[in-house]
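The values are calculated or read from the model by the stated rules, or taken from the named source; none is laboratory data. Everything numeric here is computed off the predicted structure, so don't read it as measured data. Neighbour counts are summed over all protein chains in view; Cβ atoms, including those assigned to glycine, are modelled from backbone coordinates with ideal geometry. With ligands, DNA and RNA removed, areas are computed over all heavy atoms of the protein, side chains included. Shrake-Rupley method; radii C 1.70, N 1.55, O 1.52, S 1.80 Å.
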Amino acid sequence: MRNHFLPFHVPTIGEEEVQEVVATLRSGWLTTGPRVKQFEQEFAHYIGCQQAVAVNSGTAALHLALEAVGIAEGDEVLLPTMTFTATAEVVTYLKARPVLLDCQPDTLNLDPEQIERALTPKTRAIIPVHMGGRPCEMDRILDIARHYRLKVIEDAAHALPARYCDRMVGTIGDITCFSFYATKTITTGEGGMATTDNPEWAERMRIMSLHGISKDAWKRYTAEGSWYYEVLFPGYKYNLTDLAAAIGIHQLRKCEHFWNVRQRYAALYHEGLQDVAELTLPPLPPAGQQHAWHLYIVQLHVEQLRITRNQFITLLKERQIGTSVHFIPLHLHPYYRDTLGYRAADFPQASAAFERIVSLPLYPQMTEADVTYVIDTVRSLVRHYRR
Ligand SMILES: *Cc1c(COP(=O)(O)O)cnc(C)c1O
């Protein structure tokens with residue numbers, strides 16, 4: 001057994017990021033400024049979208065996106081139960097109601113079949129979450145959305161870089177929200193980005209991200225700026241700092257390289273585990289699609305094993321492997337269960353998947369030997385505990 005712990009995630013921060021942060025500190029401009037503008041432009045160019053609005057979290061991006069498209073009190077917003085609480089909590093910020101949808105058993109993405117039966121006259125939007133970086137069935141989701149005039153806000157916190165029908169995620173729905181949280185595929189420590197081709201929504205998100213102050217508020221401390229500003233709306237404090245953007249600029253340049261490594265490691269997991277009958281592996285994406293491979297979620301056939309998922313996680317930890325669970329479905333959390341009145345039986349697929357899912361470590365800081373060690377350890381545990 002190895003003698004050092006393999007964490008579930010370690011970010012890859014190079015000397016370029018370090019030097020850029022130091023240069024930012026020395027520049028005298030710490031908060032939103034030239035590096036945020038540069039990060040936005042380079043991000044928009046990479047994605048191939050018209051507008052990219054940088055904010056201080058993925059959650060902030062989701063909140064601003066829903067606000068920009070006009071979600072308001074009493075509206076209903078469809079979203080998967082298999083997601084992080086951020087996807088749903090932003091709906092409640094606007095006094096709207098999250099309506100949860102069950103997932104597909106294999107991809108864990110929201111099941112498009114569930115959309116129409118969840119619609120009511122109050123349904124205004126849908127938030128597909130590309131679980132682990134695998135694109136949702138966007139054609140079907142967009143068709144239904146067009147038919148019922150729903151806005152599509154994608155939660156792409158896991159989906160950088162991902163492609164659907166050869167289009168980059170970030171150019172598909174009405175607004176797409178990315179996260180640069182420490183564990184995501186690229187990071188700024190904390191940060192997020194909203195992309196859209198609609199200049200009005202972009203402008204609304206920019207204004208609301210900085211106190212609802214009139215255009216280019218951050219420029220008021222530059223030579224070309226003015227002390228004068230007007231508050232147009234009661235906005236929020238969601239602006240990204242130049243310190244964070246300094247990290248993001250270099251992370252973005254490495255995004256393809258990071259993906260290549262993750263894609264190679266995902267292939268190694270697939271090869272190394274595909275013959276294990278007690279496991280369901282994440283399905284490979286169809287032709288024309290790119291899985292971002294943010295997460296590698298395996299499902300344990302617990303009925304064929306003498307241990308539970310939780311025991312499996314503990315045994316991996318004893319063998320120096322950090323794992324995680326993505327996610328505890330929202331309907332099982334006290335807040336959503338009690339306020340929305342859901343039961344486990346309302347979401348049979350997500351409830352069943354929750355007992356089976358384990359996210360294995362997958363990030364460029366791992367070595368190929370680390371991946372092999374995880375494969376060997378998973379195989380030997382399954383062999384030892386199979387019924
Ligand atoms: C990480 C995450 C978010 C929120 O991102 P933050 O940047 O942490 O606010 C939203 N949705 C999903 C599915 C996530 O995993």
Given Glu42, Glu76, Glu67, which one is within 16 Å of the ligand (Cβ to nearest atom), on the phi < 0 side of the Ramachandran plot and not aliphatic (A, V, I, L, M)? Glu67
When the range 3-27 is examined, which residues are found to be aliphatic (A, V, I, L, M) and open to solvent by less than 80 Å² (accessible area, probe 1.4 Å)? Leu6, Val10, Val18, Val21, Val22, Ala23
Starting from the range 66-86, keep only residues that are outside any helix (DSSP H, G or I), then list their pairs with residues that are among the hydroxyl-bearing types (Ser, Thr, Tyr) and more than 15 Å from the ligand (Cβ to nearest atom) whose Cβ atoms are within a distance under 7 Å, requiring at least 6 positions of separation or different chains. Glu76/Thr120; Glu76/Thr123; Leu78/Thr123
Of the residues in the range 105-132 that are in a loop (DSSP other than H, G, I, E, B) and more than 16 Å from the ligand (Cβ to nearest atom), the one that is nearest to Asp155 (Cα to Cα) is Asp111
Those residues of the range 282-292 which are closer than 25 Å to Ala352 by Cα, surrounded by fewer than 17 Cβ atoms within 10 Å (Cβ to Cβ) and in contact with a strand residue (DSSP E or B) (Cβ under 9 Å, 6 or more places away or on another chain), in sequence order: none
Looking only at residues that are open to solvent by less than 50 Å² (accessible area, probe 1.4 Å) and small (Gly, Ala, Ser) in the range 353-387, which one is farthest from His326 (Cα to Cα)? Ser380
Quick test of your reading of the structure: Ala244 fulfils all but one of (1) in a helix (DSSP H, G or I); (2) farther than 17 Å from Trp29 by Cβ. Name the failing condition by number. (2)
Please give the number of the condition Gln311 fails out of (1) polar (S, T, N, Q); (2) more than 30 Å from Arg387 (Cα to Cα); (3) not assigned by TED's automatic domain parsing to the domain that holds Ala60. (2)
Filtering the range 139-197 down to residues that are of a type in the set (Phe, Trp, Tyr) and open to solvent by 10 Å² or more (accessible area, probe 1.4 Å), which residue is nearest to Leu284 (Cα to Cα)? Tyr164
Quick check on this structure: which one of Cys136, Cys49 is of a type outside the set (D, E, K, R) and within 16 Å of the ligand (Cβ to nearest atom)? Cys136
Look at Arg262 and say whether it is out of contact with any strand residue (DSSP E or B) (no Cβ under 8 Å at 6 or more places or on another chain), outside the structural domain of Phe312 (by TED's automatic domain parsing) and either among the β-branched types (Val, Ile, Thr) or surrounded by 14 or more Cβ atoms within 10 Å (Cβ to Cβ) (or both). no
Any hit, the range 175-197, residues being more than 12 Å from the ligand (Cβ to nearest atom), closer than 23 Å to Ile153 by Cβ and more than 23 Å from the chain's Cα centre (by Cα): no
Note down all Cβ pairs under 9 Å where the first residue falls in the range 324-335 and is of a type in the set (Gly, Ala, Ser), the second is within 12 Å of the ligand (Cβ to nearest atom) and open to solvent by less than 30 Å² (accessible area, probe 1.4 Å), and they're at least six residues apart or on different chains. Ser324/Leu295; Ser324/Ser359
Conditions (1) more than 25 Å from the chain's Cα centre (by Cα); (2) part of a helix (DSSP H, G or I); number of the one not met by Trp29: (2)
Over the range 44-61, the set of residues out of contact with any Gly (no Cβ under 8 Å at 6 or more places or on another chain) and either farther than 19 Å from Met208 by Cβ or part of a helix (DSSP H, G or I) (or both) is Ala44, His45, Tyr46
Within the range 314-323, is even one residue open to solvent by 70 Å² or more (accessible area, probe 1.4 Å), over 23 Å from His130 (Cβ atoms) and polar (S, T, N, Q)? yes
Is the range 224-246 home to any residue that is within 27 Å of Cys136 (Cα to Cα) and open to solvent by less than 60 Å² (accessible area, probe 1.4 Å)? no
Find the residue count for the range 139-174, including only residues that are more than 16 Å from the ligand (Cβ to nearest atom) and part of a strand (DSSP E or B). 5
From Ala88, Ala72, Ala96, which residue is open to solvent by 30 Å² or more (accessible area, probe 1.4 Å) and over 30 Å from Arg35 (Cβ atoms)? Ala72
Does Ile186 fit the bill of being of a type outside the set (Ser, Thr, Tyr), modelled with pLDDT of 95 or more and part of a loop (DSSP other than H, G, I, E, B)? yes
